[in-house]
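Q: For reference, the structure I am asking about is given below.
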Protein chains: 2
Amino acid sequence: MPSHSHPGPGQIPLQLAVVHRAMTDDFHARLAELGREPLRPAHGYTFRYLAAHPAATTVDLAAHLGITKQAASKAVAELQDWGYVERLPHPTDKRAQLLTLTERGHDYLRLADKLWADVERHLGEVIGPDQLATLSRALRTYIDHTYGDQAVPFRPVW
Amino acid sequence: MPSHSHPGPGQIPLQLAVVHRAMTDDFHARLAELGREPLRPAHGYTFRYLAAHPAATTVDLAAHLGITKQAASKAVAELQDWGYVERLPHPTDKRAQLLTLTERGHDYLRLADKLWADVERHLGEVIGPDQLATLSRALRTYIDHTYGDQAVPFRPVW
DNA sequence: GAAATATGGTCAACCTGATTGACCATGTCA
DNA sequence: TGACATGGTCAATCAGGTTGACCATATTTC
């Protein structure tokens, strides 16, 4: 009798992974429906970070994403090629570059926010507003407890 | 005024990702504490699948994980080298191989189950038993609604 | 100030986990 | 029995990351 069949304790982390995956799939399906190219999740995290930190450099971004500066640099170059990000000269440090979202980048982020809200709304329809509220509160509580004042690591999952 | 600051609708999917990540980190920390080598998440999914489907072949596994049979084959070879999985001749199909967990594989799975339960218990201590129960119910409801009778795809996240 | 050191960024080589494509051996079906 | 389908392997390639060396500019220390 395997102790690892469906029910029982320890299921929640697995379910979290499944739901996370399902919602990500949902998001990408909505994106595809609109005919938009699917940027990878790491790009979304980059957008969010740049929008929130307009004076960020590549090194900052790398630290935030939990990857090396080389990897971050490559990602930024890609986003720049696609017109989502600009690299401007840093006003005081001639070595550094200021990373900023272009209008196109902001547009994409706004769209993504809308789509995530749609996904969330769908979740709400399935589980009901009460459970949705509880879910949100539980997640926030856990995140606050885990990271406290520290910056929440937005690193991609594994 | 960026529409993508912290609060607001659409946050839940992001929070799910963060919590999932935090719990995975927690799991790996506990594993490391015991001095156990950290198999990758895909290995965990493989173990679970093999435990639940004792007559599985490499192709079955690949389909379940959502990867190519070549990739699955490589992963199985690795797990076999480490002594977690055996490849036995298939009783009726000379092309195929039966994948089975070794005792060592079952051990690891049991340990993983225990650690995930610990992680879950910790979550329960943080958010309280009521919210934990609601969370679990909400996740299960959403999963059932999304996948219904179909097999839940255990594919790694992105 | 000048020398030593730290830091932002790039280039290049490499690793890993996946992919596609070709192929063989066995199974299944007409 | 011949045609096609399927389980598995080998080989080449790709993507996204890593480490290491390096340059130019900042910052610290004497």
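Q: Distance between Cα centroids, region A:126-153 to region B:82-158: provide it in whole Å.
A: Going from one Cα centre to the other spans 24 Å.
Q: Let me ask something else. What are the distances, in nm and sorted shortest first, from the label point of A:Thr100 to the label points of the same position in each other copy, with each label point placed 7 Å from Cα along the Cα-to-Cβ direction?
A: Result for A:Thr100, in nm, nearest copy first: 6.6.
Q: Extending each Cα 7 Å along its Cβ direction at A:Ala151 and B:Glu78, get the distance between those two points in nm, one decimal.
A: That separation, rounded to one decimal, is 3.0 nm.
Q: Sticking with this one: Work out which helices of chain B, taken as complete DSSP H runs, extend at least 24 Å along their axis over the Cα atoms and score a mean Kyte-Doolittle of -0.5 or more, then list them.
A: Span-like helices in chain B: B:11-33.
Q: Quantify how strongly other chains surround peptide A:139-148 by giving the mean number of their Cβ atoms within 10 Å of each of its Cβ atoms. Could you put the intermediate results ahead of the total?
A: Numbers: counts 12, 8, 5, 11, 6, 1, 6, 10, 2, 0.
Rounded to a whole number, the mean comes out at 6.
Q: Name the residue from B:Val152, B:Leu101, B:Ala72 whose Cα lies farthest towards the positive end of the charge dipole of chain B, charges +1 on Cβ of Lys and Arg and -1 on Cβ of Asp and Glu.
A: Value computed over the given set: B:Ala72.
Q: Find the lysine pairs in the protein assembly as shown meeting two conditions, Cα atoms under 29 Å apart and a separation of 8 or more places or different chains, and report how many there are.
A: Counting lysine pairs in the protein assembly as shown gives 7.
Q: Same structure again: B:Glu78 label points, 7 Å along Cα→Cβ, one per copy: pairwise distances from this copy to the rest in nm, shortest first?
A: So the distances to the same position in the other copies read 2.1 nm.
Q: Distance from the Cα centre of region A:19-42 to that of region B:30-62, in angstrom?
A: A separation of 27 Å, based on Cα centres.
Q: How large are Rg and Dmax for region B:19-95 when only the alpha carbon atoms are used, in Å?
A: 14.3, 45
Q: With the alpha-carbon atoms as the only input, what is the per residue convex hull volume for region B:90-146 in Å³?
A: It comes to 124 Å³ per residue, whole-number rounded.
Q: At q = 0.13, 0.19, 0.20 Å⁻¹, what log₁₀ I(q)/I(0) does region A:17-147 have when each alpha carbon counts as one equal point scatterer in the Debye sum?
A: Evaluating at q = 0.13, 0.19, 0.20 Å⁻¹ gives log10 I(q)/I(0) of -0.66, -1.14, -1.20.
Q: What nm distances, shortest first, do you get from the label point of A:Pro38 to those in the other copies when the point sits 7 angstrom along Cα to Cβ?
A: Output for A:Pro38: 2.7 nm, nearest copy listed first.
Q: Now for a different question. Kindly state, as a whole number, the per residue volume in cubic angstrom of the convex hull around the alpha carbon atoms of the protein assembly as shown.
A: 168
Bear in mind these aren't lab numbers, they're just calculated from the coordinates by the rules spelled out. The model shown is predicted, which means the values in this text are computed figures rather than measured ones. Neighbour counts are summed over all protein chains in view; Cβ atoms, including those assigned to glycine, are modelled from backbone coordinates with ideal geometry.
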